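The values are calculated or read from the model by the stated rules, or taken from the named source; none is laboratory data. Only a predicted model underlies this, so the values are computations on that prediction, with no experimental measurement involved. No Cβ is skipped: glycine too gets one built from the backbone with ideal geometry, and neighbour counts run over all protein chains shown.
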Amino acid sequence: MPRARLEVRSATVEAPPNIALVKYWGCRDPELVLPYNSSVSVTLAGLRSRTRVRFDPELSADRVVLNGAPAAGSPREAAIRMLDRVRERAGLGLRAEVTSDNNFPTASGLASSASGFAALAGAASAAAGLDLSPRELSRLARLGSGSAARSVFGGFVLWRAGTRSDGRDSYARTIFGPAHWPQLADVVVLIENAPEKAVRSAEAMQATVRTSPDYPGRLERLPGEIDRIVRAIGARDADRLFPLVMEECDSFRDVCETTRPSLDYLTPASRAVLSEVRVLNRAAGRPVAAYTHDAGAHVHVFTLDRHLRSVRRALAALPGVRATQVVRPGAGAHLVERNGRRVRRAAEGRRRRART
Ligand code: PMV
């Protein structure tokens, strides 16, 4: 093979989105994406970003193609910043081509930044020849988008905020694997005409830190809440978990709404979904479902298999609901291909567990 050909290095990584049960919202260091509070999420099966990075000596500039179209503006800049971090670490000068697509609509509000940056961090580092541990990968993905730190891992994931100023102790890990609670389902409720985000989350959360009078109280309560939520997940106890998840979501929404200028992510249809969940729980006399949402209009409703049909039917019938999709806890990011060779997933899983 000619020499130049050998210098082309590529890797492809698939990474899933995640939904936070305890939200990351506010940074003590926005540059290093170091949060004030730890967060807990569920990694979602079946949805994924698939990203290929190819370092090529023949390229004179980086090329970024997202969902089939050349990227411009801040998505392109953010991808190049990630490439630069990887190049610096690997001592690599080559320009790269990044191609990435999602198997879910990017504008659907299903956390494409989490899956996108977890996939990009994984593909860029693998293509550059860096053999990062999942923990190192979580720290690297965090720099692209905080919630991406959690998408490296599968199942139920805890991102510890950490206390160090260099961020070395701020990374995620699996606390319970994807098979921990097979009866748990997430009904993703897609809302019609969900507005595009007016302000990027990274900026919006810092406005909350600066202006919401309720933010300090939230931070004080969270360690206890996280403890209770992790214990309820561990015990597979929906009666305890579901009310806690909704309270946490309400606290997140409260600090958004009391931010100046106010942050309002929901539409009337999203609010109707929250009300319907409350109605269903009241009618059942116990928590059969729990709502949560991120900085967007779509709502995730957790329920158990035995209530799934009735809960889904009630939600799908609400005006303004475009579609519902049932997703389960799933595996984390994984390497699909490196330098043209397919990587077997089982082997990858074993290596990951061994290193975590
Ligand atoms: O990772 P970012 O910068 O898109 O922020 C995510 C913030 C929330 O989705 C609202 C909460 C979370 O923990 O995922």
Checklist line | Options Gly73, Gly93, Gly46, Gly68: the member that is in contact (Cβ under 8 Å) with a residue 60 or more places away in the chain, more than 16 Å from the ligand (Cβ to nearest atom) and out of contact with any Leu (no Cβ under 9 Å at 6 or more places or on another chain) | finding: Gly46
Checklist line | Test result for Asp186, charged (D, E, K, R) and modelled with pLDDT of 95 or more | finding: yes
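Listed residues Ala141, Ala96; which is small (Gly, Ala, Ser), at pLDDT 95 or above and under 28 Å from Arg173 (Cβ atoms)?
Answer to the selection: Ala141.
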Notebook entry, point to check: Would it be correct to say that Ile233 is within 20 Å of the chain's Cα centre (by Cα), more than 17 Å from Gly26 (Cβ to Cβ) and surrounded by 16 or more Cβ atoms within 10 Å (Cβ to Cβ)?
Noted result: yes
Next item on the list: Being within 16 Å of the ligand (Cβ to nearest atom) and either assigned to a strand (DSSP E or B) or among the basic types (Lys, Arg) (or both) is the filter here, so list the residues in the stretch 291-304 that pass it.
Entry: Tyr291, Thr292, Val299, His300, Phe302
Note to self: Report every pair of residues separated by at least 6 positions or lying on different chains whose Cβ atoms are under 7 Å apart, first residue within the stretch 272-291 and in contact (Cβ under 8 Å) with a residue 12 or more places away in the chain, second surrounded by 11 or more Cβ atoms within 10 Å (Cβ to Cβ) and assigned to a loop (DSSP other than H, G, I, E, B).
What the structure shows: Ala272/Leu318; Ala272/Gly320; Val273/Leu318; Glu276/Leu318; Leu280/Val288; Asn281/Pro287; Asn281/Val288
Notebook entry, point to check: Which one of His300, His293, His334 is under 19 Å from Cys249 (Cα atoms) and in contact with an Asp or Glu (Cβ under 9 Å, 6 or more places away or on another chain)?
Noted result: His300
Note to self: Residues to consider are Thr267, Thr259; find the one that is β-branched (Val, Ile, Thr) and within 16 Å of the ligand (Cβ to nearest atom).
What the structure shows: Thr259
Check: Of all residues in the stretch 254-290, how many are outside any loop (DSSP other than H, G, I, E, B) and either closer than 12 Å to Phe242 by Cα or of a type outside the set (Val, Ile, Thr) (or both)?
Finding: 20
Margin query: Given the condition more than 16 Å from the chain's Cα centre (by Cα) and over 17 Å from Gly146 (Cα atoms), answer yes or no: does some residue in the stretch 101-121 qualify?
Written below: no
Next item on the list: Could you tell me which of the residues Val86, Val53 is outside any loop (DSSP other than H, G, I, E, B), within 25 Å of Ser170 (Cβ to Cβ), in contact (Cβ under 8 Å) with a residue 40 or more places away in the chain and touching a strand residue (DSSP E or B) at 6+ places or on another chain (Cβ under 7 Å)?
Entry: Val53
Next item on the list: Give me a count of the residues in the stretch 3-43 that are surrounded by 18 or more Cβ atoms within 10 Å (Cβ to Cβ), away from the ligand (no atom under 12 Å from the Cβ) and in a strand (DSSP E or B).
Entry: 8
Next item on the list: Inspect all residues belonging to the stretch 145-157 and state whether any of them is of a type in the set (D, E, K, R) and under 17 Å from the mean Cα position of the chain (by Cα).
Entry: yes
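Looking at the stretch 128-138, can you tell me whether even one residue there is acidic (Asp, Glu), surrounded by fewer than 24 Cβ atoms within 10 Å (Cβ to Cβ) and in a helix (DSSP H, G or I)?
The answer is yes; a qualifying residue exists.
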Notebook entry, point to check: Within the set of pairs 6 or more residues apart or between chains, which connect a residue that is touching a residue at least 12 places away in the same chain (Cβ under 8 Å) and β-branched (Val, Ile, Thr) inside the stretch 10-26 to a residue that is more than 9 Å from the ligand (Cβ to nearest atom) and in a loop (DSSP other than H, G, I, E, B) with Cβ atoms less than 7 Å apart?
Noted result: Val13/Ala333
Check: How many residues, within the stretch 126-140, are out of contact with any Lys or Arg (no Cβ under 6 Å at 6 or more places or on another chain), touching a residue at least 60 places away in the same chain (Cβ under 8 Å) and farther than 15 Å from Ala331 by Cβ?
Finding: 3
